Structures are given as C-alpha cells and as structure tokens.
Amino acid sequence: MQVGSKQYRAVSWDTISDGVQWIEQRLLPFRFEQITSRSPEDVALAIETMQIRGAPSIGAAAAFGLALAWKMDRARYTDYWLPRFRSTRPTAVNLFHACDEMERCSAADPATATMIECAVNYADAEVDANRRMGQHMAGLLAVGERRILTHCNAGWLAAVDWGTATSGIYQLAQAGESPFVWVDETRPRLQGSRLTAWELHQAGIDCRIQADSAAAWMMAKGEVDAIVVGADRIASNGDVANKIGTYALSLAAKERGVPMYVVAPSSTFDFACDSGLDIPIENRNDEELLTISGVDSDGQMCDISMATGGVRCNNPAFDVTPYANLTAIVNEQGKWNREKPGNDQ
Ligand code: MRU
C-alpha cells in the first residue's frame, strides 16, 4: 500500500541486500522504519516480539525467514529452523501453513533461488487473496452500509498488502465511495488506534478511534452498519479465533442485529480443528497490561507504568467467536459455507 509517494508491503524479500525486509510495526504511528536482515533468527524474533504481526504477515515472514535459513544455514534447516519458526506464536495458523509450504518446497533440495521464489509466491498468493476478498466484501456491503466498525488491525500491515478486513474498505474508497470506519483502539497493544487508524489516515479514509468498550453503545445507537474483522484461525465448524474483544463484539452485534463479517484467506482455515475449543489461544505477558509505550513530549519512545504494580494479570491475546454469531465468513472464493467447506456456493 502507499505511504507518501511509495508503495510498501509489510514484509518482503529485499533483492538489494538479498535478505528479508519488514516494517517495524511497534514504532508506528510515531516512526516509519523498515528493517532489513540476512539473519533468520532476526526474522523469528520479529514475529515473537510483534515487530511483524497479523496472521498473513506472520505466515509470509516465516516463509521469507525459512528461505533465508535455507540460504544461510541449510544444514540445520529441518532440525532447527523449521521448529524455530513453528514455535514463534501459537494461534495464527497461517504460520504453520507457511512452514509446511516451505518444508514442501525444500523436499527436492532445491537451489536457494527456488526457495526464495517459493516464499515470494506464498506472499503474492496472500496479496492476491486479499484483493479478491476485498472485491467480495465491497459487493457484500449493501448500498448505504458505509459505517463500518473494525477491531484490531487486519489491514495491509497485518496481511502483507491490501489487508483482509480493510481490503473491501480500500476498494470502496478507490471506487469513489466514502466509507467511514469506527476503529476500536484494541487494548492492550493498541493495534487499532496505532496501526489501523494510521493506515486509514494514510489512505484518506475518514475514521474515529474509540475505546473498545464504546463499540456496543455505538451499535445500540444505530451508528454501525456492519462489523468487519479478520481472523487468526478458523475451525472446520466455522468458529473463529481473532483478537481479544472480537467475541464481545459478536454478542452485541447479534443483540443489535448488526451484520458481522469475518474476512480471512484459505490459509487461515484449520480443518484439523473441529471447533474453537481446539484452537490454541496465546497468553501474553503481564507487561502488556501494566505498561504502555508511546512518545514523550520530546518525541522519544518510552514505556510508562499505568497499572497497580505487583498484581498479576490475565492477558489472553485472542478469543473465539462462534459461527452462529456471524453473518458470514468471506475468503478469496467468496462467502464460505461450512456445510460445503469447499466453498461451492
Ligand atoms: O496479536 P496480533 O496483532 O498478531 O493479532 C492480529 C489479529 O488478531 C488480526 O485480526 C488477525 O491476525 C487478522 S490479520 C489480517
């Protein structure tokens, strides 16, 4: 997507340094910085520390990181690097699909160029899926349904390019429409107020940052025409794991009759999970709730304490929304139908 006058992807293969390049998302929106590295360990750490986050971007980063591991440390590719990337974060299944794809690509002991091509094709397929899902979503949102609420960041930063939940919004705007977006700040890491609002602002799309707890009230007031969110893993029965807070949104949406859509590519479906009960939910550290990072009056990034110290926290990063609370799940083929998981309408 465009930042200033230049096109960017959240993560990509850098042909100049022959390494992996990514946008350091923890610094946004205060600083726009790209990191380039020829160390597969740096890429694995970037996923763990959420420099790169969002299910499809995590998958693409793992694919590029494994191509780099093949290039730099082939001998340990299978015994060390594949398990290393598979252990970075537990919930987004795109990570595991990408590792499986890169394991499959390595089977014939190919040249490094082939492994890089495999990773590039993996990322390009995600971008193509996002573009197509956006077309479906732009068509699904009824005329007049232009006040959209979204939670977390399922934008181009989270999905290499275009985004999943945001792709339809960008396509409506590019078609000359004026979508308006309620952006849940998305505590504790603020992916909404720091990343989604930044993306939409860059694209000239009108939006308002709100407290997560304001969403149900906005629905009650009839200010929300539709909710569009992404996903980290979708079970075969249609249960959806996404950023903590998504389940509560679905309860209010159901109560208030607000259509709620999950937009996610096929790489986010996990048919080995019968239901949401089978989806591993990541629990993250207490620091994320006890401190917050931002910029001080001198423009310096800093962390400040913002809660009672010495008290333990509960910090699940994701929750599960039952299929029954959703209007539809949309993937690159269109509306997904759990009765016909192959998507044949
Ligand atoms: O913890 P994060 O920031 O990686 O969580 C991201 C989300 O929950 C997104 O909504 C999801 O990955 C979809 S991204 C297109």
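I'd like to check something: does the range 279-296 contain any residue that is within 16 Å of the ligand (Cβ to nearest atom), buried (at least 19 other Cβ atoms within 10 Å of the Cβ) and not aliphatic (A, V, I, L, M)?
No, the range 279-296 contains no residue that is within 16 Å of the ligand (Cβ to nearest atom), buried (at least 19 other Cβ atoms within 10 Å of the Cβ) and not aliphatic (A, V, I, L, M).
Only one of ALA92, ALA138, ALA125 is at negative phi, of a type in the set (A, V, I, L, M), open to solvent by less than 50 Å² (accessible area, probe 1.4 Å) and in a helix (DSSP H, G or I); which? Working first, answer last.
Working: ALA92 fails: in a helix (DSSP H, G or I); ALA125 fails: open to solvent by less than 50 Å² (accessible area, probe 1.4 Å).
Only one candidate qualifies: ALA138.
How do the pairs read when you match residues in the range 149-174 that are more than 20 Å from SER193 (Cβ to Cβ) and assigned to a loop (DSSP other than H, G, I, E, B) with residues anywhere that are of a type in the set (Asp, Glu) and more than 9 Å from the ligand (Cβ to nearest atom), using Cβ under 7 Å and keeping only pairs 6 or more apart or on different chains?
VAL160/GLU126
Please enumerate the residues belonging to the range 158-202 that are of a type outside the set (Val, Ile, Thr) and within 9 Å of the ligand (Cβ to nearest atom). Full working, then the answer.
Residues of the range 158-202 of a type outside the set (Val, Ile, Thr): 158-159, 161-163, 165, 167-168, 170-180, 182, 184-185, 187-195, 197-202.
ALA158, ALA159, GLY163, ALA165, ARG189, GLN191, LEU195, listed by residue number.
I'm trying to understand the selection: among the residues of the range 290-326, which are part of a helix (DSSP H, G or I) and closer than 30 Å to ALA226 by Cβ?
Once the filter is applied, which keeps residues that are part of a helix (DSSP H, G or I) and closer than 30 Å to ALA226 by Cβ, the range 290-326 yields TYR323, ALA324, ASN325.
If you check GLY257 against the conditions, is it on the phi > 0 side of the Ramachandran plot and open to solvent by 20 Å² or more (accessible area, probe 1.4 Å)?
Numbers: on the phi > 0 side of the Ramachandran plot: yes; open to solvent by 20 Å² or more (accessible area, probe 1.4 Å): yes.
Spelling it out, GLY257 is indeed on the phi > 0 side of the Ramachandran plot and open to solvent by 20 Å² or more (accessible area, probe 1.4 Å).
I'm trying to understand the selection: among the residues of the range 224-244, which are of a type in the set (Gly, Ala, Ser) and open to solvent by less than 20 Å² (accessible area, probe 1.4 Å)? Talk me through it step by step, then tell me what you get.
Step one: filter the range 224-244 for residues of a type in the set (Gly, Ala, Ser), giving 226, 230-231, 235-236, 238, 241.
Correct list: ALA226, GLY230, ALA231, ALA235, GLY238, ALA241.
Which one of these does SER57 not meet: (1) within 16 Å of the ligand (Cβ to nearest atom); (2) over 17 Å from TRP13 (Cβ atoms); (3) of a type in the set (Ser, Thr, Tyr)?
Result: SER57 passes all but (2).
What tally of residues in the range 20-43 results from selecting those that are open to solvent by less than 30 Å² (accessible area, probe 1.4 Å), part of a strand (DSSP E or B) and not aromatic (Phe, Trp, Tyr)? Working first, answer last.
Taking the range 20-43 first, the residues open to solvent by less than 30 Å² (accessible area, probe 1.4 Å) are 20, 22-25, 27-28, 37, 40, 43.
From what is left, the residues that are part of a strand (DSSP E or B) are 20, 22-23, 37.
Retained after the next criterion (residues that are not aromatic (Phe, Trp, Tyr)): 20, 23, 37.
The number of residues fulfilling the criteria is 3.
Hey, ALA211 hits all of (1) within 13 Å of the ligand (Cβ to nearest atom); (2) out of contact with any helix residue (DSSP H, G or I) (no Cβ under 6 Å at 6 or more places or on another chain); (3) of a type in the set (A, V, I, L, M, F, W, C); (4) open to solvent by 40 Å² or more (accessible area, probe 1.4 Å) but one; which does it fall short on?
(1)
Quick check: is even one residue across the range 79-97 more than 16 Å from the ligand (Cβ to nearest atom), among the hydroxyl-bearing types (Ser, Thr, Tyr) and at pLDDT 95 or above?
Yes, the range 79-97 contains at least one residue that is more than 16 Å from the ligand (Cβ to nearest atom), among the hydroxyl-bearing types (Ser, Thr, Tyr) and at pLDDT 95 or above.
What number of residues within the range 224-253 satisfy the criterion of being away from the ligand (no atom under 13 Å from the Cβ), touching a helix residue (DSSP H, G or I) at 6+ places or on another chain (Cβ under 9 Å) and over 20 Å from ASP274 (Cα atoms)?
So the answer is 7.
Could you check how many residues of the range 173-184 are at pLDDT 95 or above and open to solvent by 10 Å² or more (accessible area, probe 1.4 Å)?
Result for the range 173-184: 2.
Could we say that LYS221 is in contact with a helix residue (DSSP H, G or I) (Cβ under 7 Å, 6 or more places away or on another chain) and open to solvent by 50 Å² or more (accessible area, probe 1.4 Å) here?
Values: in contact with a helix residue (DSSP H, G or I) (Cβ under 7 Å, 6 or more places away or on another chain): no; open to solvent by 50 Å² or more (accessible area, probe 1.4 Å): yes.
No, not satisfied.
Given VAL181, VAL224, VAL160, which one is closer than 19 Å to GLU126 by Cα, hydrophobic (A, V, I, L, M, F, W, C) and in contact with a strand residue (DSSP E or B) (Cβ under 7 Å, 6 or more places away or on another chain)?
Details: VAL181 fails: closer than 19 Å to GLU126 by Cα; VAL224 fails: closer than 19 Å to GLU126 by Cα.
Answer to the check: VAL160.
Just to check your reading of the model, which residue among SER5, SER17 is out of contact with any helix residue (DSSP H, G or I) (no Cβ under 8 Å at 6 or more places or on another chain) and open to solvent by less than 50 Å² (accessible area, probe 1.4 Å)?
SER17
Against the definition (open to solvent by 30 Å² or more (accessible area, probe 1.4 Å) and of a type in the set (Lys, Arg)), how does LYS335 come out, yes or no?
Numbers: open to solvent by 30 Å² or more (accessible area, probe 1.4 Å): yes; of a type in the set (Lys, Arg): yes.
Here the answer is yes, as LYS335 does meet what is asked.
The values are calculated or read from the model by the stated rules, or taken from the named source; none is laboratory data. What you see is a predicted model; the values in this text were computed from it and never measured. Quick reminder, even Gly has a Cβ in these numbers, built from the backbone with ideal geometry, and neighbours come from all protein chains shown. Quick note on the areas: whole protein, heavy atoms, side chains included, nothing else; ligands and nucleic acids left out. Shrake-Rupley method; radii C 1.70, N 1.55, O 1.52, S 1.80 Å.
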